[in-house]
Amino acid sequence: MGNSRNSQFILVDCNNFFVSCERAFQPELRGKPVVVLSNNDGCFVSRSNEAKALGIPMGAPLFQYEHVIKLHDIKTFSSNFLLYGDMSNRVMSILEQFTENIEIYSVDEAFLQVDDLSPEQLLALGKEIKARVYKWTGIPVSVGVAHTKTLAKIAAHEAKKSDSLGGVGVLGLMGDVNEILKKTPAGEVWGIGYRSAKTLQSYGINSAYDLTLWPDKSIRKVLSVSGLRTVTELRGTPCIPLEDSFHPRKGIMCTRMFGKVLTEFDEIYEAVVSYTTRAIEKLREQRSVATHISTYIRTDLHSGTKEQYSQMYTYVLEVASDYTPDFIKAAEICLKNIYKPGFRYKKAGVMIQNITQKENMQYSLLKKPEPVEDGKKARAMEAIDRVNQKWGSQKLRPLASGLKQEWRSKRGQMSPCYTTNWEELLEITL
Ligand SMILES: [Mg+2]
């Protein structure tokens, strides 16, 4: 699928994901206030709509709200990352039945790229996606459809808020796009962020609509090239292609279809090492550490009648880490637990969970910090990251990720707007 207006992006976003996972197994909690807590610091990491309505803020510490919890009998859960990882995997497998052109953006969000159907057909497709995910997993989702990823995000957000849309928003059917953009604060636009919102205000830019009217030159100066890409997308021209990884706080995923069917453990292991390396690089980029790594593999869902296999395994590190070899070892254990010979594998992925900021890192009682050893590891990772930032991603990588990497996919890599956007001319840095 090319980089043109001849396709549509569908964002599927699980509503209150962790809470919804808990509710899927305890349906009696539907309609009642429920919160999920981070497992270390006791902060709210997921809230049901009822809990939001009672004024429980995202990220606030539990102890400040004990009285509200008691008063309204709010049900609280600790994070169950094994459950959330597994539920995420199930949701994503269902989404993959609709198209191979999918970017799993986070544990609870994915972009699908589909042909440019009529708005009514897109609405029907969106409703079917929502219904199938709910029927098979019990997870409610919001769906947004538009010509660009950035607009699909806005459409999904509108769909989530509105009762009349039934959770599915097709931008072409939601009234005047400019009116929607006028209602959307600039800081809420995907890729702009609240930090830039303050700066933008000083230029008189408050809404997404204001952004679209701003001259490219100013956008580039204040928001850099990536900001201009975002605004170009707000104007309706796709610029941000589907990708194979992402880095939010809830969970890092790195997953992708193989370029060909794989059957041997060693080949799949190379791919898993490569994904793990990339995911942990992302983890370090955001100065975080994590304890949980899940690895999953699956056969080709689109191959028709052949026997299918899909499995995931999670390994928990004793101490949170950002050191790639720790996770590669863990991923190997995971893969050994799930790999079965005789199947034709088409996809693998890794998921990193229980992510915390490195400066808040907690050591276990069994394992004390080892400053000298830890310092060496940190410097090694820093050096590798620096080389890769300068010379290109994965220039320095573990040998275990393979030399030829024949499993790599050659598809689904929509390139930047090299030929249609002056800001995205191919850059060569030496
Ligand atoms: Mg969500």
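Some points to look at:
- Relative contact order (percent, whole number), the chain, Cα cutoff 8 Å, 6+ residue spacing: 15
- Dipole of the chain, positive end: most advanced residue of 168, 238, 147 [Cβ charges, Cα centre]: 238
- Residues whose amide H lies under 5 Å from that of residue 170, counting only those 5 or more places away or on a different chain, are 145; hydrogens are built 1.01 Å from N in the peptide plane.
- Among 71, 37, 200, the largest mean-square fluctuation in a Gaussian network model of the chain (Cα springs under 10 Å) belongs to 71.
- For residue 184, the amide hydrogen comes within under 5 Å of the amide hydrogens of 208, 209, counting only partners 5 or more places away or on other chains and with H modelled in the peptide plane.
- The listed residues 374, 385, 73 rank as 73, 374, 385 when sorted by accessible area, largest first, using a 1.4 Å probe.
- Kirkwood hydrodynamic radius (C-alpha pairs) into Stokes-Einstein, the chain, 4 °C and 1.567 mPa s, D in µm²/s: 56
- Accessible area (Å², 1.4 Å probe, nearest 10) - residue 376: 120
- Candidates 181, 262, 388 compared by Cα position along the dipole of the chain: farthest toward the positive end lies 388, with charges placed on Cβ.
- Pairs of alpha carbons in the stretch 52-144 separated by more than 17 Å make up 61% of all such pairs.
- 5 angstrom amide H check on residue 37, placed H, neighbours 5+ away: 45, 77, 78, 79
- Rolled with a 1.4 Å probe across the full set of protein chains, the surface gives residue 108 an accessible area near 10 Å².
- Solvent-accessible surface of protein heavy atoms, probed at 1.4 angstrom with all chains present, puts 287, 47, 408, 298 in the order 287, 408, 47, 298, largest first.
- Pairwise Cα distances in the stretch 107-163 exceed 20 Å for 19 percent of all pairs.
- The aspartates and glutamates whose alpha-carbon is closer than 16 Å to the alpha-carbon of residue 183, local same-chain residues fewer than 8 away aside, are 158, 210.
- If you run the Gaussian network model on the chain, springs between alpha carbon atoms under 10 Å, then out of 369, 61, 140 the most flexible one is 369.
- Choice from 280, 69, 154 showing the highest fluctuation, given a GNM over the chain with Cα pairs closer than 10 Å: 69
- The accessible-area ordering, largest first, of the residues 195, 235, 344, 379 stands as 195, 379, 344, 235, per a 1.4 angstrom probe.
- Building the convex hull from the alpha-carbon atoms of the stretch 273-347 and averaging its projection over directions returns 5.3 nm².
- The stretch 20-93: radius of gyration and largest Cα-Cα distance (Dmax), Å: 12.4, 40
- D_trans [Stokes-Einstein, Kirkwood Rh over alpha-carbon pairs] for the stretch 168-250, 4 °C, 1.567 mPa s, µm² s⁻¹: 96
- Unit charges on C-beta of K, R, D, E only; dipole of the chain, Debye: 300
- Alpha-carbon centroid distance for the pair the stretch 81-110 / the stretch 215-237, whole angstrom: 30
- Apportionment of accessible area to carbon and sulfur, the chain, percent (1.4 Å): 52
- Segment residue 58-residue 203, extension gain: residue separation times 0.36 nm, minus the distance between their alpha carbons: 49.3 nm
The values are calculated or read from the model by the stated rules, or taken from the named source; none is laboratory data. Note that the coordinates shown come from a computational prediction; the quantities given were computed from them, not determined experimentally. A quick note on method: Cβ atoms are made from the backbone with ideal geometry, for glycine too, and the neighbour counts reach across all protein chains shown. Accessible surface areas use protein heavy atoms only, side chains included; no ligands, DNA or RNA. Shrake-Rupley method; radii C 1.70, N 1.55, O 1.52, S 1.80 Å.
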